[in-house]
Structures are given as C-alpha cells and as structure tokens.
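The values are calculated or read from the model by the stated rules, or taken from the named source; none is laboratory data. This structure is a prediction, so every number in the text was calculated from the model and none was measured. Because the Cβ atoms are built from the backbone with ideal geometry, glycine has one as well, and the counts that use them run over all protein chains shown.
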Amino acid sequence: MFTLKSPCEFHLEVKKSRFIALASPVVDVQQALDFFENNNVASARHNCWAYKVGNDYRFNDDGEPSGTAGKPILAAIEYADLTNVAILVIRWFGGIKLGTGGLCRAYGGSASECLKLGEFVELRSFKSFEFKISFDFSAQIHHVFKTYPPECAEETYLADGIQWLVKLDEALVKDFKNELNQLSRGKINILEVL
C-alpha cells in the first residue's frame with residue numbers, strides 16, 4: 001500500500017466556481033477529521049471531503065447533491081491506490097450551476113489532479129522482536145542482516161551471549177525467523193516486542 005509523502009494542493013476554476021483541493025497523509029481517522037476541521041474555509045460555499053485509512057473510509061458532500069462531491073473525491077483516492085490519505089476540496093460558487101455531472105468531474109478531477117502533484121511512499125509496517133544468541137553465532141547473524149536488513153538493530157553484550165532487539169519490515173519477518181531457526185537448529189527463541 002502507498003500513501004502521500006507530504007501534503008499537496010491543486011487549484012481549479014470551472015464556470016467561475018473556484019475549487020481548491022488539499023490532500024494530506026494521515027495516520028488515523030482522528031487526524032483526518034482534524035485535517036478537515038483545521039483547513040475548512042468558512043467563507044466557501046462547500047467544504048467537501050473524503051478519507052481512507054487502512055480499509056476505513058468516509059466522505060461528505062457538505063450540501064452538494066448527494067454523491068456529487070465526497071464520493072468522487074474518495075474515488076480519486078481509490079483510483080490512485082492510496083490509503084492513509086485525506087482530501088478536502090473547497091468550492092466557492094461562481095453563480096453558474098454545474099449540474100451533477102459537472103460537479104462530479106470538478107470534485108473528482110481536482111482531487112485526482114491534486115494527488116498527481118504528490119509524491120507517493122510505500123506504507124510499511126514493522127514488527128519488533130528480541131532474541132539472544134551465543135557469541136558463536138555473531139558473524140552469522142550479521143550475514144542474515146545483509147539479506148534481511150532491519151530498520152534498526154540494537155545489540156547488548158551479556159556474559160553468556162548477545163541480546164538483540166530488532167525492528168524489521170513485517171514482510172521480511174517470517175523469512176528472517178526461518179533463517180534464524182535454520183541457523184541455530186531451532187535453538188534461538190524469538191519473542192515479539194509490543
């Protein structure tokens with residue numbers, strides 16, 4: 001899964017109506033709702049939004065006809081195959097009605113164009129765990145780290161071996177544990193750290 005690296009912004013004018021799309025990466029639903037509240041423009045006619053966090057999503061048409069604003073904004077997030085993203089599209093009415101199709105194109109299009117301006121980063125999850133090895137395995141563990149590079153690894157030298165605290169990309173954990181088990185013939189006890 002991917003998300004935005006940093007916030008981005010896009011401006012659009014359609015038949016004298018002005019649209020500003022603001023997109024931001026978020027870590028949870030509350031941060032998305034805070035983003036909407038903090039960037040809401042009271043002088044604008046409509047502040048429509050959508051977010052997707054993990055598999056959770058929600059959208060709001062803010063007075064526009066049902067399905068013409070929030071849903072197209074959400075569709076832009078899903079089309080870009082993103083998660084942990086919030087998009088607010090602010091509209092100042094220009095006096096000319098756009099119709100339902102025109103609204104869908106304006107809201108969805110401005111959200112989509114906004115996302116095109118952003119840089120995407122892979123959303124990775126990590127697991128932390130610890131294990132203890134005898135000094136004999138030290139060089140072999142360092143070799144395993146070259147194959148499965150940890151995000152961070154702390155080693156503590158004890159009287160009878162080395163205690164490791166490792167943070168690893170979740171996608172690598174299973175293979176890393178298998179490698180350690182083969183290396184030690186099942187003698188390494190790996191404990192997950194919460």
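For (1) surrounded by 11 or more Cβ atoms within 10 Å (Cβ to Cβ); (2) under 30 Å from TYR51 (Cα atoms); (3) free of Cβ contacts under 8 Å to residues at least 40 places away in the same chain, each residue gets a yes or a no:
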residue: SER112; (1), (2), (3): yes, yes, yes
residue: PHE137; (1), (2), (3): yes, no, no
residue: LEU165; (1), (2), (3): yes, no, yes
residue: ASP169; (1), (2), (3): yes, yes, no
Problem - Tally of residues being surrounded by 21 or more Cβ atoms within 10 Å (Cβ to Cβ) and in contact with a helix residue (DSSP H, G or I) (Cβ under 7 Å, 6 or more places away or on another chain) across the stretch 83-107 - result: 6
Exercise for the section: Output the residue which, of all residues in the stretch 130-158 that are among the charged types (D, E, K, R) and modelled with pLDDT under 85, is nearest to ALA171 (Cα to Cα). Expected result: GLU151
Problem - Selection within the stretch 2-19 - under 14 Å from the mean Cα position of the chain (by Cα) and not charged (D, E, K, R) - result: PHE2, THR3, LEU4, SER6, PRO7
Fill in the blank from the handout: (1) touching a Leu at 6+ places or on another chain (Cβ under 6 Å); (2) charged (D, E, K, R); (3) part of a helix (DSSP H, G or I) all hold for GLU154 apart from (3)
